[in-house]
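The values are calculated or read from the model by the stated rules, or taken from the named source; none is laboratory data. Since the model is a prediction, treat every value here as computed from it, not as a measurement. For neighbour counting, all protein chains shown are included, and Cβ atoms are generated from backbone atoms with ideal geometry for every residue, glycine included.
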Amino acid sequence: MAEVLKGNVVAAQIKEKMAKDIEELAKLGKVPTLGIVRLGDNPDDISYERSIIKNCDKIGIEAKVFEQDVNMTTEELLSLMGELNEDNSISGVLLFRPLPKHIDEAKVRESLVPSKDVDGMNPVTLAKIFEGDLSGFAPCTPKAAMEILLYNNIELEGKNVVVVNRSMVLGKPLTMMLLNENATVTICHSRTKNLPEITKNADVVVTALGRAKFFDEKYFNENSICIDVGVSLDEEGKLSGDIDYPVVSELVSKITPVPGGVGSVTTSILLSHVVEACKKM
């Protein structure tokens, strides 16, 4: 039976540091404030928004929601982002993506100043990561995966790590973070040939396809360390990761659960970025 790498213990450590920082900021009359920009009423966005607000309330961070019409134009959204850039009461900004297809997402990503880019979407922020500079705000999900690995003292130097995702939101920035730890990284995706063979020979496998229970025991070996980032609904309508957890957890060495794994750390990372942004204002 695998060792379960739970996210709540990692999140608790992050929150403990945040609480101390928020206390110090309060002495200076500062309140970390997150501006949440949401277009339309996508149920997934609303669910995540409620979770963020709940966590903000618990730790002493203020959240302001800027709900916008899903049909707003690129120019209107750029104008809003400009206002948030100039608003000194807003420490950081989270924009729910993907945006509607009629919006020029590239322009919008470029419009947010890096100092408030707490989810790492601005190309300038991403460029720093690709240069090995981790001083900015990295995208929260890949950073959460890294925090779980580091918290559990999982040796990455010289290890073979497979990342099954090639997006700029997860796969590519995570690869850069892993390289910074001297891991040897292979990026795979939905069209990779011989995927089971590649993942089975890796020391660490990070899955993020968004296909419930896609990865079964043929993708891993008894020493595999599995970081499951995928979140979707299975055939029974239950929340599931990419990995068939009941089956794979009986085989591998270490595994993150879904829920209760990477996702539970992601929100804490986001809020820690808001606090850090506030400290710099």
Identify the residue in segment 117-131 that is assigned to a helix (DSSP H, G or I) and touching a helix residue (DSSP H, G or I) at 6+ places or on another chain (Cβ under 9 Å) and, among all such residues, is surrounded by the most Cβ atoms within 10 Å (Cβ to Cβ).
-> I129
Which numbered condition M121 fails, given (1) outside the structural domain of N42 (by TED's automatic domain parsing); (2) more than 19 Å from the chain's Cα centre (by Cα) = (2)
Is there a residue being modelled with pLDDT under 95 and closer than 23 Å to I227 by Cβ anywhere in segment 53-65?
-> yes
Is there a residue being of a type in the set (A, V, I, L, M, F, W, C) and over 27 Å from R109 (Cα atoms) anywhere in segment 167-181?
-> no
Subset of segment 202-258, residues within 17 Å of H189 (Cβ to Cβ), surrounded by fewer than 19 Cβ atoms within 10 Å (Cβ to Cβ) and among the small types (G, A, S), comes to G210, S232
How many of the residues making up segment 162-185 are under 20 Å from R211 (Cα atoms) and crowded, with 17+ Cβ neighbours inside 10 Å?
-> 9
Quick check, is L134 in a strand (DSSP E or B) and out of contact with any Lys or Arg (no Cβ under 6 Å at 6 or more places or on another chain)?
-> no
What is the residue count in segment 199-238 for residues that are in contact with a helix residue (DSSP H, G or I) (Cβ under 9 Å, 6 or more places away or on another chain) and among the hydrophobic types (A, V, I, L, M, F, W, C)?
-> 11
Which of the residues belonging to segment 143-153 are buried (at least 17 other Cβ atoms within 10 Å of the Cβ) and either hydrophobic (A, V, I, L, M, F, W, C) or assigned to a loop (DSSP other than H, G, I, E, B) (or both)?
-> A144, A145, M146, I148, L149
Cβ-Cβ below 7 Å, separation at least six or inter-chain, first residue in segment 96-107 and touching a residue at least 24 places away in the same chain (Cβ under 8 Å), second part of a loop (DSSP other than H, G, I, E, B): which pairs?
-> P100/V70
Filtered residues of segment 7-56 (kept if more than 16 Å from S264 (Cα to Cα), of a type in the set (K, R) and without any contact (Cβ under 8 Å) to a residue 40 or more places away in the chain) = K20, K27
Within segment 162-177, which residues are among the small types (G, A, S) and not in a helix (DSSP H, G or I)?
-> S167
Which ones in segment 92-104 are surrounded by 14 or more Cβ atoms within 10 Å (Cβ to Cβ) and under 19 Å from the mean Cα position of the chain (by Cα)?
-> G92, V93, L94, L95, F96, R97, L99
